[in-house]
Each structure stands twice: as C-alpha cells, then as structure tokens.
Amino acid sequence: MDLIEMKKLFLSKKIICALFGHKMITSRNITNHLKEYKCTVCKMELTNTEEGSLTFLTPELKEVNEALVHFYQKKLVAKQH
C-alpha cells in the first residue's frame with residue numbers, strides 16, 4: 001500500500017467518524033477515575049483532563065499517564081503490606 005492509498009483510507013475513516021460519531025473504547029485504565037480511550041474506526045486517542053473532560057492524547061499527556069500508572073501501582077502495593 002503506497003502513501004496515497006493510506007491517506008485515502010485514513011480520510012475515509014475520519015469522514016465516517018465525522019458523520020456517525022466515534023466508536024470509543026477504553027484502551028487503558030490509568031487509575032480508578034482516569035482512563036485512555038481509542039476510536040475503533042479512526043484510531044483517535046483521548047484521555048481525561050483534571051476537570052474530567054476529554055482531550056486529545058498528546059505525547060506529553062502520554063508521559064504524564066505513564067508516571068501516574070507507576071505511582072498508582074506503587075501506592076496499591078504499599079497499601080497491601
């Protein structure tokens with residue numbers, strides 16, 4: 001598949017989501033109230049903000065979520081001991 005065909009396929013998926021809406025699934029649980037979501041059609045990724053709304057998952061937010069996962073798991077392990 002060349003670059004032009006890949007672009008056409010990607011644009012057609014974005015058009016489908018624009019017309020019918022995204023089909024979001026939870027791709028990852030960060031904490032009990034913080035999650036990452038992914039559209040099964042166009043592969044767009046979202047995450048929760050501090051206020052509880054959804055925003056695009058940028059590389060910076062991905063790093064923040066990684067750190068939160070690490071701290072949250074350490075907290076759970078410490079509670080069990």
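The values are calculated or read from the model by the stated rules, or taken from the named source; none is laboratory data. Note that the coordinates shown come from a computational prediction; the quantities given were computed from them, not determined experimentally. Cβ: placed from backbone, ideal geometry, glycine included. Neighbour counts: every protein chain shown. Ligands, DNA and RNA are excluded from the accessible area calculation, which covers all protein heavy atoms including side chains. Shrake-Rupley method; radii C 1.70, N 1.55, O 1.52, S 1.80 Å.
When segment 32-41 is filtered for residues that are open to solvent by less than 70 Å² (accessible area, probe 1.4 Å) and farther than 14 Å from L57 by Cβ, the ones remaining, listed by number, are T40, V41.
Every residue, every condition in (1) over 20 Å from K14 (Cβ atoms); (2) without any contact (Cβ under 8 Å) to a residue 40 or more places away in the chain; (3) outside any loop (DSSP other than H, G, I, E, B), yes or no:
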{"position": "T26", "(1), (2), (3)": "yes, yes, yes"}
{"position": "Y37", "(1), (2), (3)": "no, yes, yes"}
{"position": "L46", "(1), (2), (3)": "no, yes, yes"}
{"position": "G52", "(1), (2), (3)": "yes, yes, no"}
{"position": "T55", "(1), (2), (3)": "no, yes, yes"}
{"position": "V64", "(1), (2), (3)": "yes, yes, yes"}
{"position": "F71", "(1), (2), (3)": "yes, yes, yes"}
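Among the numbered criteria (1) surrounded by 11 or more Cβ atoms within 10 Å (Cβ to Cβ); (2) more than 24 Å from I16 (Cβ to Cβ); (3) more than 12 Å from the chain's Cα centre (by Cα), which single criterion is violated by K62? Going through the list (1) surrounded by 11 or more Cβ atoms within 10 Å (Cβ to Cβ); (2) more than 24 Å from I16 (Cβ to Cβ); (3) more than 12 Å from the chain's Cα centre (by Cα), K62 breaks only (3). One residue stands out in segment 6-31 among those that are of a type in the set (S, T, Y) and modelled with pLDDT under 90: the one that is surrounded by the most Cβ atoms within 10 Å (Cβ to Cβ), namely T31.
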